Amino acid sequence: MNSTQPFTVAIDGPAAAGKGTIGRAVAERFGLAHLDTGLLYRAVGAEVLGGADPVEAARNLEARALENPTLRTAAVAQEASKVAVIPEVRAALLDFQRAFARRAGGAVLDGRDICTVICPQAEVKMFVTATPEVRAQRRYDELIARGQDTTYAAVLADVVERDRRDSERSAAPLKPAQGADVLDTSQLGIDAAVAAAIALVEEARV
Ligand code: C5P
């Protein structure tokens, strides 16, 4: 891999499948920039919960908004998946993601439509998944570790509801892209999942 050439690792998958952890680890291992694209939709969702218009919020989104610590709550996640259905919201966020994907030096992006819409020409395309129960347990553990007050049942309901909305929408629905490698992490510890993802990137670099 020539370090000034674009090199994109595109990672899609349902809620709490481990995309973020894998994305960060791959970025660190290969010295690539990383973008968690869910944060863009969460930032728009948070502004809508505060009374903003979703399309205006998406068009005027600033990088600073991605650092808001409340973006990780279940309420914001639900609102994010509602604004993500709106084609004008997705269109407003497209150029930023495409430019990030093809930046010099390479990038890792994770989300729902990275392989299918944002960067179908990515050098590496992965669909990271796991059973809803495994994903809900991981997200529950994460939220409890962050001090949030929730239950496993509430987290499972959130994950299932968002998966349904993300898969059934007509604009950029969640689905494995043609040619994407499917990485099912249900039975894998995080280290094994990261190792599998790193192996896929290694294969594509030569
Ligand atoms: O990945 P995360 O759970 O933070 O994403 C929050 C929501 O943002 C998802 O449920 C989905 O509706 C939306 N999203 C999307 N396309 C992306 C990333 C996230 O529609 N590329």
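The values are calculated or read from the model by the stated rules, or taken from the named source; none is laboratory data. Quantities reported herein were computed from a predicted structural model and do not represent experimental measurements. Positions of Cβ are backbone-derived with ideal geometry, glycine not excepted, and every protein chain shown enters the neighbour counts. Protein only, heavy atoms only, side chains kept; ligands, DNA and RNA dropped before computing areas. Shrake-Rupley method; radii C 1.70, N 1.55, O 1.52, S 1.80 Å.
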Ala136 meets each of (1) part of a helix (DSSP H, G or I); (2) open to solvent by less than 40 Å² (accessible area, probe 1.4 Å); (3) within 11 Å of the ligand (Cβ to nearest atom); (4) not β-branched (Val, Ile, Thr) with one exception, condition (3)
Looking at this structure, is Ala172 within 14 Å of the ligand (Cβ to nearest atom), buried (at least 17 other Cβ atoms within 10 Å of the Cβ), of a type in the set (Gly, Ala, Ser) and outside any helix (DSSP H, G or I)?
-> yes
Considering only residues that are away from the ligand (no atom under 12 Å from the Cβ) and either of a type in the set (A, V, I, L, M) or at pLDDT below 95 (or both), look in the stretch 85-104 and name the one that is surrounded by the most Cβ atoms within 10 Å (Cβ to Cβ).
-> Ala92
Thr116 vs (1) more than 9 Å from the ligand (Cβ to nearest atom); (2) among the β-branched types (Val, Ile, Thr); (3) outside any helix (DSSP H, G or I): all pass except (3)
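Residue by residue, here is whether (1) touching a residue at least 12 places away in the same chain (Cβ under 8 Å); (2) more than 17 Å from the chain's Cα centre (by Cα); (3) under 25 Å from Glu142 (Cβ atoms); (4) open to solvent by 40 Å² or more (accessible area, probe 1.4 Å) holds:
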{"site": "Asp36", "(1), (2), (3), (4)": "yes, no, yes, no"}
{"site": "Glu47", "(1), (2), (3), (4)": "yes, yes, yes, yes"}
{"site": "Asp53", "(1), (2), (3), (4)": "no, yes, no, yes"}
{"site": "Glu67", "(1), (2), (3), (4)": "no, no, yes, yes"}
{"site": "Glu79", "(1), (2), (3), (4)": "yes, no, yes, no"}
{"site": "Val83", "(1), (2), (3), (4)": "yes, no, yes, no"}
{"site": "Ala107", "(1), (2), (3), (4)": "yes, no, yes, no"}
Looking only at the stretch 1-58, which residues are away from the ligand (no atom under 15 Å from the Cβ), within 18 Å of Val194 (Cβ to Cβ) and of a type in the set (Val, Ile, Thr)?
-> Val26
